[in-house]
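Written below as structure tokens is the structure these notes are about.
The values are calculated or read from the model by the stated rules, or taken from the named source; none is laboratory data. On a predicted model such as this, the values are computed, not experimentally measured, just so you know. In this analysis, Cβ positions are derived from the backbone assuming ideal geometry, glycine residues included, and neighbour counts consider all displayed protein chains. The area values use the complete protein model at the heavy-atom level, side chains included, leaving out ligands, DNA and RNA. Shrake-Rupley method; radii C 1.70, N 1.55, O 1.52, S 1.80 Å.
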Protein chains: 2
Amino acid sequence: MKKEFVVIGLGRFGSSICRELSEQGMEVMAIDMDEDRVNEFASIASHAVVADTTDESVLKSLGIRNFDHVIVAIGDDIQSSILTTLMLKEVGVKKVTAKAQNDYHEKVLLKIGADQVVHPERDMGRRIANNIVSNNVLDYLELSDEHSIMEIIANDTLAGNTLIDLDIRARYGINIVAIKRGKEIIVSPQADEPILLNDILIIIGADQDIDRFEKKMND
Amino acid sequence: MKKEFVVIGLGRFGSSICRELSEQGMEVMAIDMDEDRVNEFASIASHAVVADTTDESVLKSLGIRNFDHVIVAIGDDIQSSILTTLMLKEVGVKKVTAKAQNDYHEKVLLKIGADQVVHPERDMGRRIANNIVSNNVLDYLELSDEHSIMEIIANDTLAGNTLIDLDIRARYGINIVAIKRGKEIIVSPQADEPILLNDILIIIGADQDIDRFEKKMND
Ligand SMILES: Nc1ncnc2c1ncn2[C@@H]1O[C@H](COP(=O)(O)OP(=O)(O)OP(=O)(O)O)[C@@H](O)[C@H]1O
Ligand SMILES: Nc1ncnc2c1ncn2[C@@H]1O[C@H](COP(=O)(O)OP(=O)(O)OP(=O)(O)O)[C@@H](O)[C@H]1O
Ligand SMILES: [Ca+2]
Ligand SMILES: [Ca+2]
Ligand SMILES: [Ca+2]
Ligand SMILES: [Ca+2]
């Protein structure tokens, strides 16, 4: 059985969720009180509806409690975001994800039953700051407070060496899980694999070890 | 030599960048035309300045061209974002990252010389949609259009089996690069490592192979 989603609020954040879910073949009902925004989604979402979701009778007439997961992507109007979330949980929606504008907003959303609260601007700010601090780190996945997977671009200090030459695991305690070379992905590279300039190394390890490695390579 | 950053615009996105850069020990000058927002950063950033960055003489008097990297995090006022970015490049700032509200805004920013354009709401919408589609996928890193690293939570179909039992590499062509178990991270797990319920498996592979594995595990 396919999961059915509802996205309420078609600003940049809600639009993007709605598009991506639709592209992945999901059934999505898109709701906004602004008719122009809804019209944009007529051909993208399974259903696109003009409605004010702070009106309980509207939510009921849409049969909203039959959907598996509702995403509340209302931003600036914090009161509407809270009221909508409250009523979604009251009519019995199983899973509600809501966007928060600030910590206070988050606290209220959780108290009234939101199952997941997201802070897109704050989280993307952190990601981008992390990517900016190091010129060599292209992207990363935080595994825990102290461990990450990072994409590091190989500079001329590394290029020309094999993994044995560099002996990264013994010297830094980190592992290269893959190498991205143009369109090719080399998973679990062999010890005699030479690193080429601009190879992207996918590294796993403790943050401080990765940091040490990265500093060394920029010396 | 430490890099020096400027963040212009202290909304949620700019604030978050400013905080994260400061926490990482970077020198950051925080600028906003709103005095209250600037005051919040007095004790966080190296310098916090009230200024309208669309005024060229202001930019010059701040010596902005001596900084390594300026982040323009002005959102709703697209005209100010564009004007600020234009002048930053004209006074000779080497690297400018600017936030775009939409595709048209991005095009203009790139034309006038922005080195990097970011869409926090859109990108976070995509990330969250991807995380939502599958209940088991917690987070991911896109390596290419067709390859990813994913964090998948082990359900009771997997729990109790060792990696040999599951024979994932041969059957799906994917690799488990690490297992996250509570606070512990097991990198390159041995073949006889048993998987426990709620272990988080860090998997690398082609998207369609990971997808196939994930569907199988939810059967
Ligand atoms: N009560 C409501 N019912 C339905 N839609 C609503 C309601 N209140 C607000 N919206 C819609 O939510 C959408 C998102 O609102 P928001 O204020 O976050 O706009 P935005 O800043 O453009 O969004 P983003 O930050 O994602 O770019 C708007 O299109 C708005 O019409
Ligand atoms: N010309 C300018 N000079 C300096 N600061 C500016 C200028 N124009 C706008 N700003 C500041 O940029 C900040 C971000 O503006 P934006 O409209 O994106 O606010 P926001 O929606 O609160 O931000 P976010 O979307 O990151 O949460 C505001 O604090 C605003 O005062
Ligand atoms: Ca907004
Ligand atoms: Ca960390
Ligand atoms: Ca905004
Ligand atoms: Ca993809």
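In this structure, is B:VAL93 more than 16 Å from ligand 4 (Cβ to nearest atom) and open to solvent by less than 20 Å² (accessible area, probe 1.4 Å)?
On the way: more than 16 Å from ligand 4 (Cβ to nearest atom): yes; open to solvent by less than 20 Å² (accessible area, probe 1.4 Å): yes.
Yes; evaluated as a whole, the condition is true for this residue.
Just to be sure, is A:VAL72 in contact with a Cys (Cβ under 7 Å, 6 or more places away or on another chain) and modelled with pLDDT of 95 or more?
no
Would you be able to tell me the number of residues in the stretch A:180-212 that are outside any loop (DSSP other than H, G, I, E, B), within 14 Å of B:VAL177 (Cα to Cα) and without any contact (Cβ under 8 Å) to a residue 40 or more places away in the chain?
The number of residues fulfilling the criteria is 2.
Six or more apart or on different chains, Cβ atoms under 9 Å: show the pairs whose first residue is in the stretch A:92-107 and more than 11 Å from A:VAL72 (Cβ to Cβ) and within 13 Å of ligand 1 (Cβ to nearest atom) and whose second is open to solvent by 60 Å² or more (accessible area, probe 1.4 Å) and assigned to a loop (DSSP other than H, G, I, E, B).
A:GLN101/A:ASP76
Which residue is farthest from A:ARG65 (Cα to Cα), if the candidates are limited to the stretch A:5-15 and must be assigned to a strand (DSSP E or B) and within 11 Å of chain B (Cβ to nearest Cβ)?
It comes out as A:VAL7.
Evaluate the stretch B:103-122: report whether one residue or more is out of contact with any His (no Cβ under 6 Å at 6 or more places or on another chain), within 10 Å of another protein chain (Cβ to nearest Cβ) and away from ligand 2 (no atom under 16 Å from the Cβ). Steps first, answer last, please.
Of the residues in the stretch B:103-122, the ones out of contact with any His (no Cβ under 6 Å at 6 or more places or on another chain) are B:103-122.
Checking the rest, the ones that are also within 10 Å of another protein chain (Cβ to nearest Cβ) come to B:116, B:118-122.
Checking the rest, the ones that are also away from ligand 2 (no atom under 16 Å from the Cβ) come to B:116.
Looking for residues that are out of contact with any His (no Cβ under 6 Å at 6 or more places or on another chain), within 10 Å of another protein chain (Cβ to nearest Cβ) and away from ligand 2 (no atom under 16 Å from the Cβ), one finds at least one in the stretch B:103-122, hence yes.
Condition (residue is of a type in the set (Lys, Arg), modelled with pLDDT of 95 or more and in contact with a Gly (Cβ under 7 Å, 6 or more places away or on another chain)) applied to the stretch B:91-102: is it met by at least one residue?
Yes, the stretch B:91-102 contains at least one residue that is of a type in the set (Lys, Arg), modelled with pLDDT of 95 or more and in contact with a Gly (Cβ under 7 Å, 6 or more places away or on another chain).
Could you tell me how many of the residues in the stretch A:16-30 are more than 7 Å from chain B (Cβ to nearest Cβ) and either outside any loop (DSSP other than H, G, I, E, B) or closer than 20 Å to A:SER80 by Cβ (or both)?
Counting residues in the stretch A:16-30 that are more than 7 Å from chain B (Cβ to nearest Cβ) and either outside any loop (DSSP other than H, G, I, E, B) or closer than 20 Å to A:SER80 by Cβ (or both) gives 8.
Restricting to the stretch A:170-181, count the residues that are under 24 Å from the mean Cα position of the chain (by Cα) and either within 16 Å of B:GLY173 (Cα to Cα) or of a type in the set (Gly, Ala, Ser) (or both). Walk me through how you get there before you give the answer.
Initially, the stretch A:170-181 is screened for residues under 24 Å from the mean Cα position of the chain (by Cα), giving A:176-180.
Next, only the ones that are either within 16 Å of B:GLY173 (Cα to Cα) or of a type in the set (Gly, Ala, Ser) (or both) stay: A:177-178.
The total comes to 2.
I'm checking my understanding of the structure. Among residues of the stretch B:17-37 that are open to solvent by less than 10 Å² (accessible area, probe 1.4 Å) and touching a helix residue (DSSP H, G or I) at 6+ places or on another chain (Cβ under 6 Å), which one is nearest to ligand 3 (Cβ to nearest atom)?
My answer is B:ILE17.
Go through the stretch B:49-108 and give me each residue that's of a type in the set (D, E, K, R) and part of a helix (DSSP H, G or I).
Across the stretch B:49-108, the qualifying residues are B:GLU56, B:LYS60, B:ARG65, B:LYS89, B:GLU90, B:ASP103, B:GLU106, B:LYS107.
For the stretch B:38-76, which positions are within 16 Å of ligand 3 (Cβ to nearest atom) and surrounded by fewer than 15 Cβ atoms within 10 Å (Cβ to Cβ)? Please lay out each step first, then the result.
Taking the stretch B:38-76 as the starting set, the residues that turn out to be within 16 Å of ligand 3 (Cβ to nearest atom) are B:73-76.
Within the stretch B:38-76, B:ASP76 is the sole residue that qualifies.
In the set B:LEU88, B:LEU83, B:LEU110, which member is surrounded by 23 or more Cβ atoms within 10 Å (Cβ to Cβ), more than 17 Å from A:GLY125 (Cβ to Cβ) and at pLDDT 95 or above?
B:LEU88
Across the stretch B:150-179, which residue is nearest to B:ASP199 (Cα to Cα) among those that are open to solvent by 20 Å² or more (accessible area, probe 1.4 Å) and part of a strand (DSSP E or B)?
Only one residue fits best here, namely B:ILE153.
Considering only the stretch A:124-145, state which residues are open to solvent by 30 Å² or more (accessible area, probe 1.4 Å) and either more than 27 Å from B:ILE71 (Cα to Cα) or within 16 Å of ligand 1 (Cβ to nearest atom) (or both).
A:SER144
Among the numbered criteria (1) away from ligand 4 (no atom under 16 Å from the Cβ); (2) closer than 24 Å to A:MET124 by Cβ, which one does B:LEU158 miss?
If we test B:LEU158 against (1) away from ligand 4 (no atom under 16 Å from the Cβ); (2) closer than 24 Å to A:MET124 by Cβ, just (2) comes out false.
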